[in-house]
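Working notes, beginning with the structure itself.
The values are calculated or read from the model by the stated rules, or taken from the named source; none is laboratory data. Bear in mind that the values here come from a model prediction, so they are computed numbers and not experimental data. Cβ placement follows ideal geometry from the backbone for every residue including glycine, while neighbour counts extend to all protein chains displayed. The protein model used for the area step is the full one, side chains on, heavy atoms only, and it has no ligands, DNA or RNA in it. Shrake-Rupley method; radii C 1.70, N 1.55, O 1.52, S 1.80 Å.
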Amino acid sequence: MDDKDPGFLIGGRPLTERLTEVLPSLAKAVLGEIVARIPEYGHLPAEELSGDITQVIEQNMRSFIDTLRTGRTPTREELGFLRESAARRAEEGIPIDIVLTAYHIGIQVVWASLTPDVRPEEVTDVLAVNALTLRYLEMVTPAVGAGYLDERRTMFDDERSARHTMLSALLDGEPADVAAGQAGLRLAPCYVVLAASVGTHPDEEATGVDPLIAGRRKLRRLRVELERQIRGTVLTSLTPEGGIALLPCESAAGELSIQDWSRLERVLADVARTAGAEVIAGAAAAEPARLPAAAKLAQDVLAVATGSGKPPGLYRLDDVLLEYQLSRPGPALDRLATRLESLDGNEELVQTLETFLRRGGRRQTATALHVHPNTVDYRLRRIADLTGLDPTRLEHIALLNAALSARSAVNVHRAGKASPP
């Protein structure tokens, strides 16, 4: 369109002339309505309201008047000004829906100031103005949203980078104060290290579903729920398969109570339920300077818990003391593992032994393995014949449990040595 004024009339006067004349007072009315209807704007400093915010309102109104005068949409420069304003609102933490609402309130106030004076013969002009108003909002709303989201993305990337630097420093045993300051965070007196293994969500294995997308969705739900449940800033390095999380605590590591750990167990259960996948985690608590050792311990506990067939849940060293000690390399470990060498290659017997010791009865074992109880009896007798240790005899149960843990640990050590450097 050209720049010729279409000559819209409201109340017998040219609309653009009328709006230009009352622009300062109308801008004040818009500001007053925004503050009255949006509490977040009312909390801004008075100098910002009378300065930056008023300037944005006036510029927005001038752009709107230009649209009414020329019939064209706002220029690149005009939209750029609004984008920059939205970026400042993002920096201040005002939610995007509230920022967009303010623009619509401005149009409502302008419209309300005009409609009482509309004459019957001006209805056609009113309809044309309404169409231009919608076109104006069609251009302004995406520009404001883009400016806001670009700034939030930059802020998020900077914050995420600072958090990652802080996490790396803590796990490497380096001073993390600088990284914490860059992220606008403070170091907690204590952190609980979670070394987690995350199972697959059904969507990751569903036909026709992209497993990468399903895995990312699972991870996002896991992170959101973990951050929702934990007070303070959670630091994470997680993939859809698992990883490390540092949970801030206000108590010293040695002062965490049974209730504290019980709550963390419930949190992990909620996180797993929200993610839609099983989660098993090793946990250890420490002050910031001792986090490298705590992370190593948490990872060892996780390895022991998974290696010994523990169900999903939260495990500390106290929960796997025997298995952990038996997983340490040495002559006794190797000797224990050899007690079950005769079962090598017969995973059916190994699985029956593990299930029987865990379930504590032949019928429970039969149910878990989906076999007849007589089949379980036969397999237990075979185990006794091959190993010299009878799973049904009380005096042999502790040794069999220890031998299974040792066998698992030795297999892990062998796998580690066989892996390429």
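Take the Cα of residue 377, go 7 Å toward its beta carbon, and the backbone nitrogen atoms of segment 337-371 under 13 Å from that spot belong to 362-363.
The heavy atoms of residue 296 offer some 110 square angstrom of accessible surface to a 1.4 angstrom probe.
When the accessible area of segment 299-377 is split by element with a 1.4 Å probe, what percent falls to carbon and sulfur? Ligands and nucleic acids excluded, carbon and sulfur reach 48 percent. Relative contact order, whole percent, for segment 282-410 stands at 28, derived from Cα pairs under 8 Å and 6 or more residues apart. For segment 210-344, averaging the sequence separation of C-alpha pairs within contact (under 8 Å, six or more residues apart) and dividing by the residue count gives a relative contact order of 18 percent. Can you give the angle from 0 to 90° between the axis of helix 54-70 and the longest principal axis of the chain, with both taken from C-alpha atoms, to the nearest 10? Once rounded, the angle reads 60 degrees. Shown is the FRET efficiency for residue 168 and residue 257, computed with R0 = 25 Å from the Cβ-Cβ distance and rounded to the nearest 0.05: 0.25. Give me log10 I(q)/I(0) at q = 0.21, 0.23, 0.24, 0.25 Å⁻¹ for segment 1-81, Debye formula, one equal scatterer per alpha-carbon, no solvent. Log10 I(q)/I(0), no solvent term: -0.99, -1.08, -1.12, -1.16.
Computed over protein heavy atoms with a 1.4 Å probe, the accessible surface of segment 1-104 works out to 50 Å² per residue.
Stretching the chain fully between residue 385 and residue 152 yields a gain of 77.1 nm (0.36 nm per residue, less the alpha carbon separation). Dividing the convex hull volume of the alpha-carbon atoms in segment 249-368 by its residue count gives 154 Å³ per residue. Counted residue by residue at 0.36 nm each, then reduced by the alpha carbon distance between them, the extension gain from residue 370 to residue 217 reaches 51.7 nm.
For segment 140-182, the convex hull spanned by the alpha carbon atoms encloses 41 Å³ per residue.
Relative contact order of the chain: 12 percent, from C-alpha pairs under 8 Å at least 6 residues apart in sequence. Pairs of lysines in the chain whose Cα atoms sit within less than 27 Å of one another amount to 5, provided the residues are eight or more positions apart or on different chains.
Projecting label points 7 angstrom from Cα along Cα→Cβ for residue 59 and residue 203 puts them 4.0 nm apart. Based on protein heavy atoms only, segment 309-361 ends up with 58 Å² per residue of surface accessible to a 1.4 Å probe. Each residue of segment 354-368 was assigned a 3J(HN,Hα) from its phi angle through the Karplus expression (A = 6.51, B = -1.76, C = 1.60, θ = phi - 60°), giving 4, 5, 5, 5, 7, 7, x, x, 5, 5, 4, 5, 4, 5, 5 Hz with x at Gly and Pro.
Helical content alone sets the calculated 222 nm signal of the chain at -20500 deg cm²/dmol, taking -39,500 (n - 2.57) per DSSP H segment of four or more residues and averaging over every residue. Rounded to the nearest whole Hz, the Karplus-based 3J(HN,Hα) values (6.51 cos²θ - 1.76 cosθ + 1.60, θ = phi - 60°) of segment 99-116 follow the sequence 4, 5, 4, 4, 5, 5, 4, x, 5, 4, 5, 4, 4, 5, 6, 9, 4, x, with x at glycine and proline. Based on the Stokes-Einstein relation at 37 °C and a viscosity of 0.692 mPa s, and on the Kirkwood radius from alpha carbon pairs, segment 125-210 is assigned a translational diffusion coefficient of 183 µm²/s.
Backbone geometry of segment 301-308 corresponds, through the Karplus equation with coefficients 6.51, -1.76 and 1.60 at θ = phi - 60°, to 3J(HN,Hα) couplings of 4, 4, 4, 5, 5, 6, x, 9 Hz, x marking Gly and Pro. The radius of gyration of the Cα set in the chain, together with its Dmax, comes out at 33.5, 108 angstrom. A P(r) calculated from all alpha carbon pairs of segment 318-392, with 5 Å bins opening at zero, reads 3, 15, 23, 20, 19, 13, 6, 1 percent.
Taking the inverse of the mean reciprocal distance over all distinct Cα pairs, the Kirkwood hydrodynamic radius of segment 67-194 comes to 18.2 Å. Legend: translational diffusion of segment 28-122 by Stokes-Einstein, Rh = Kirkwood radius over C-alpha pairs, 25 °C, 0.890 mPa s; D = 171 µm²/s.
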